[in-house]
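Asks: Before anything else, here's the structure in question.
The values are calculated or read from the model by the stated rules, or taken from the named source; none is laboratory data. On a predicted model such as this, the values are computed, not experimentally measured, just so you know. Every residue, glycine as well, gets a Cβ built from its backbone with ideal geometry; the counts of neighbours run over all protein chains shown. What goes into the accessible areas is simple: the full protein's heavy atoms, side chains included, and nothing from ligands, DNA or RNA. Shrake-Rupley method; radii C 1.70, N 1.55, O 1.52, S 1.80 Å.
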Amino acid sequence: MFVATKDKLLPTTITGSLPRPSWYRAQMDGKPFTERMADRQFREQYLDTVATYVVDQARAGLDIVTDGDARLDEGVAGRHWIAHVEERLSGLSAPELSGYPIHRGKKPGEIMYEVFQTRMPRAAIGKVCRHGLDYHAVWKTGQGLSHKPMKFGSISAQLLEASMNNRYYADRRELVMDLSATMNEEYHALADAGCPVIQLEEPCIHGIAGTQPGAMLTAEFYVSAFNREIHGLRAKTEVWCHTCWGNPAGQRTRAQAFSYEAALPYLDQLDVDVLTFECKESEGADLARIGRAIGKDKKIAIGVVSHRTLQIERPDEVALLIRTALEHIAPERLIISTDCGFGRDGISRLHALYKMVALVQGTNIVRRELGLPESDVLAADPRLALIAEL
Ligand SMILES: [Zn+2]
């Protein structure tokens with residue numbers, strides 16, 4: 001059901017993660033969130049970090065905020081996006097130094113080879129069970145710092161499975177489905193706590209649609225596994241599915257040309273309220289296809305700023321992309337976002353802030369054209385400028 005975006009035209013948000021402040025040195029160290037929050041140093045640094053993220057998003061004028069994924073430890077190229085969940089599931093081995101299952105032929109000399117070296121996959125060695133993810137407590141802590149709705153995002157079970165080895169389940173499909181059922185329990189606890197948007201990040205669907213993945217793991221199978229993972233959630237809250245073409249160290253995970261074309265019929269079968277699409281780097285090349293393929297029961301969030309480039313997009317550039325999207329998607333169904341998160345070892349806090357500002361300023365240009373109310377962008381208020389004119 002629509003909650004955070006209900007009756008809102010062109011609401012703005014970000015994917016989720018934000019760059020860690022340099023002074024945020026405390027780590028979760030594999031412990032449950034509620035236990036870690038009993039440590040004075042961690043508690044202070046964690047709360048101050050989330051408060052900083054919330055203020056930056058408020059200054060930019062975003063409508064839906066996130067906690068910046070502040071729970072994720074500092075690892076190379078955002079490895080804790082995956083490892084944070086693995087550390088809090090029982091039934092898995094300790095990190096292993098070889099055999100990364102989605103290594104995909106990367107070679108020494110390539111940045112992604114080094115990234116994958118640091119991933120240290122775990123293996124399923126018993127039945128997987130939840131063990132201290134505490135998503136409901138993480139969300140409540142963040143939401144308590146903002147009056148804006150706070151979205152909570154996490155890696156999908158199927159990508160989690162693609163990142164681990166299996167020495168217990170009969171086959172990979174069984175492991176995907178059990179992980180999906182396990183994470184579904186966690187998301188229900190989060191929805192029951194009142195979270196207004198739950199975002200599952202990166203199904204495997206767009207990565208394999210149009211390729212020959214083999215009989216075991218097809219796009220059809222991944223659709224059914226994803227819908228198992230979110231089963232029953234839409235009756236309680238708003239459910240988003242985030243997709244992009246990669247983020248570790250700001251890299252695409254596939255070097256070749258990328259398009260959603262082959263994946264769209266499958267993505268449309270996901271039982272979600274909102275689908276997000278990376279659109280900035282492709283300059284909206286798929287927007288017409290997205291508009292045609294995605295059913296009217298779903299809203300569409302488009303990325304209008306890139307997480308892979310340091311150059312801050314200009315507001316008029318953002319507005320141009322939104323206008324193109326509006327040729328194919330009604331304003332009631334359009335949400336303005338980023339291509340992916342800013343906190344995976346890619347860009348700095350300064351870049352993240354001004355990309356968020358440009359995102360809202362660009363949206364305001366289009367809102368003005370449509371006669372819609374604009375958001376207040378405190379970071380761009382000339383009355384607060386320290387230098388009158390440069
Ligand atoms: Zn992404």
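Asks: So if I check each of Val360, Val366, which one is away from the ligand (no atom under 16 Å from the Cβ), of a type in the set (Val, Ile, Thr) and more than 20 Å from the chain's Cα centre (by Cα)?
Replies: It is Val366.
Asks: Among (1) buried (at least 21 other Cβ atoms within 10 Å of the Cβ); (2) within 28 Å of Met112 (Cα to Cα); (3) away from the ligand (no atom under 13 Å from the Cβ), where does Cys279 come up short?
Replies: Among (1) buried (at least 21 other Cβ atoms within 10 Å of the Cβ); (2) within 28 Å of Met112 (Cα to Cα); (3) away from the ligand (no atom under 13 Å from the Cβ), the lone unmet condition for Cys279 is (3).
Asks: Sticking with this structure for a sec: Being open to solvent by 30 Å² or more (accessible area, probe 1.4 Å) and touching a helix residue (DSSP H, G or I) at 6+ places or on another chain (Cβ under 6 Å) is the filter here; which residues of segment 290-309 pass it?
Replies: Correct list: Ala293, Arg308.
Asks: Moving on. For Thr243, state whether it is hydroxyl-bearing (Ser, Thr, Tyr) and either under 26 Å from Asp316 (Cβ atoms) or more than 11 Å from the ligand (Cβ to nearest atom) (or both).
Replies: no
Asks: Looking at segment 331-349, which of its residues are open to solvent by less than 40 Å² (accessible area, probe 1.4 Å), among the basic types (Lys, Arg) and not in a loop (DSSP other than H, G, I, E, B)?
Replies: Selection gives Arg333 alone.
Asks: Let me ask something else. Would it be correct to say that Leu378 is modelled with pLDDT of 95 or more and surrounded by fewer than 23 Cβ atoms within 10 Å (Cβ to Cβ)?
Replies: Yes: the conditions hold for Leu378.
Asks: Does any residue of segment 314-330 turn out to be farther than 16 Å from Thr13 by Cα, surrounded by 19 or more Cβ atoms within 10 Å (Cβ to Cβ) and within 16 Å of the ligand (Cβ to nearest atom)?
Replies: No, because not a single residue in segment 314-330 is farther than 16 Å from Thr13 by Cα, surrounded by 19 or more Cβ atoms within 10 Å (Cβ to Cβ) and within 16 Å of the ligand (Cβ to nearest atom).
Asks: Mind listing just one residue for me: the one in segment 334-355 that is within 12 Å of Ile312 (Cβ to Cβ) and small (Gly, Ala, Ser) and, of those, nearest to the chain's Cα centre (by Cα)?
Replies: Only one residue fits best here, namely Ala352.
Asks: With a cut-off of at least 3 residues that are touching an Asp or Glu at 6+ places or on another chain (Cβ under 6 Å) and open to solvent by less than 10 Å² (accessible area, probe 1.4 Å), name the helices (runs of 4 or more DSSP H) lying wholly within segment 148-209.
Replies: Those helices (runs of 4 or more DSSP H) span 172-192.
Asks: Every residue in segment 1-18 that is surrounded by 19 or more Cβ atoms within 10 Å (Cβ to Cβ) and away from the ligand (no atom under 15 Å from the Cβ), please.
Replies: Scanning segment 1-18 gives Ala4, Thr5, Leu10, Pro11, Thr12.
Asks: Restricting to segment 243-274, name every residue that is crowded, with 21+ Cβ neighbours inside 10 Å and either charged (D, E, K, R) or farther than 19 Å from Gly210 by Cα (or both).
Replies: Asn247, Pro248, Val272, Asp273, Val274
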